[in-house]
1. What's the number of the only condition in (1) over 21 Å from the mean Cα position of the chain (by Cα); (2) closer than 19 Å to GLU11 by Cβ that LEU62 fails to meet?
2. Quick check on my filter: what residues within region 35-48 are free of Cβ contacts under 8 Å to residues at least 24 places away in the same chain, loosely packed, with under 15 Cβ neighbours inside 10 Å and of a type outside the set (S, T, N, Q)?
3. Do we have any residue at all in region 98-108 that's farther than 30 Å from LYS188 by Cβ and of a type outside the set (A, V, I, L, M)?
4. Where residues in region 131-157 are of a type in the set (Ser, Thr, Tyr) and over 17 Å from SER89 (Cβ atoms), which of them is surrounded by the most Cβ atoms within 10 Å (Cβ to Cβ)?
5. Kindly indicate which of MET88, MET94 is in the same structural domain as LEU119 (by TED's automatic domain parsing) and either buried (at least 18 other Cβ atoms within 10 Å of the Cβ) or touching a residue at least 60 places away in the same chain (Cβ under 8 Å) (or both).
6. Taking helices (runs of 4 or more DSSP H) that fall entirely within region 1-89, which contain at least 3 residues that are more than 20 Å from LYS120 (Cβ to Cβ) and either in contact with a Pro (Cβ under 6 Å, 6 or more places away or on another chain) or polar (S, T, N, Q) (or both)?
Amino acid sequence: MIHVNKRSGMESKKKILVAATKVFSDYGYKGASMRMIAGAAGISIGGLYLYFKNKEDLYGTLIRNRLDDLTEETRETLRDIQDPAEAMSTFISMRVKYARKHRELILVLGKEQAITFGLKAKRKFFEDQRRVIEEIVRKGITSGRFRSCDESEVAKIIICALRGFILSMIVEPDALFSHEECSNLILKGILAKK
């Protein structure tokens with residue numbers, strides 16, 4: 001059995017995931033192969049199998065890692081923001097900027113069977129995101145900053161608007177809206193009247 005030291009192993013795995021994102025975005029899940037990913041990562045095919053048992057395992061890990069990273073980054077960023085309107089605006093801005101920065105990942109998630117592949121991880125991610133939005137809305141209502149509304153429904157609407165934005169990156173990249181205008185529109189709907 002080959003032993004890989006932990007630090008070197010983590011760096012190799014990260015390198016593989018970066019290469020896999022590129023290969024999956026260029027060729028889709030069906031068109032990508034472990035050999036192509038190994039080549040893009042600059043490692044042997046046998047080296048790739050030290051970390052992932054097959055393409056499905058690699059793809060599932062890629063999705064889970066990226067979504068978990070985004071969830072953690074969101075919680076960390078919003079932790080110290082007290083104003084619910086600022087928190088909502090920051091949340092929306094983060095989502096839009098993340099989608100633009102990781103366009104290749106969005107393409108991977110949008111191609112072929114990828115929409116339904118890894119559904120459990122994606123559902124967990126969107127549930128976590130809805131809970132974050134619900135908490136922001138709840139704080140806004142309690143503080144009087146937001147008008148009284150159904151926080152669960154508002155969270156669903158915001159998530160769907162952001163999903164639409166992300167989907168438009170695949171279908172019509174030139175039609176993307178700004179995160180500032182998205183925040184303004186949403187906040188105008190939930191801010192309390194002065």
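1. Failing condition for LEU62: (1).
2. Initially, region 35-48 is screened for residues free of Cβ contacts under 8 Å to residues at least 24 places away in the same chain, giving 35-40, 44-46.
If we keep only those that are loosely packed, with under 15 Cβ neighbours inside 10 Å too, we end up with 35, 44-46.
Listed by number, the residues that qualify are ARG35, ILE45, GLY46.
3. Of all residues in region 98-108, those farther than 30 Å from LYS188 by Cβ come to 104-105, 107-108.
Then drop every residue that is not of a type outside the set (A, V, I, L, M), which leaves 104.
Yes - at least one qualifying residue is present in region 98-108.
4. SER152
5. Details: MET94 fails: either buried (at least 18 other Cβ atoms within 10 Å of the Cβ) or touching a residue at least 60 places away in the same chain (Cβ under 8 Å) (or both).
Step by step, each of MET88, MET94 is checked, and only MET88 is in the same structural domain as LEU119 (by TED's automatic domain parsing) and either buried (at least 18 other Cβ atoms within 10 Å of the Cβ) or touching a residue at least 60 places away in the same chain (Cβ under 8 Å) (or both).
6. On the way: elements: 6-31, 34-41, 45-51, 55-78.
The helices (runs of 4 or more DSSP H) meeting that bar are 6-31.
The values are calculated or read from the model by the stated rules, or taken from the named source; none is laboratory data. The model shown is predicted, which means the values in this text are computed figures rather than measured ones. Cβ atoms come from the backbone with ideal geometry, glycine included; neighbour counts cover every protein chain shown.
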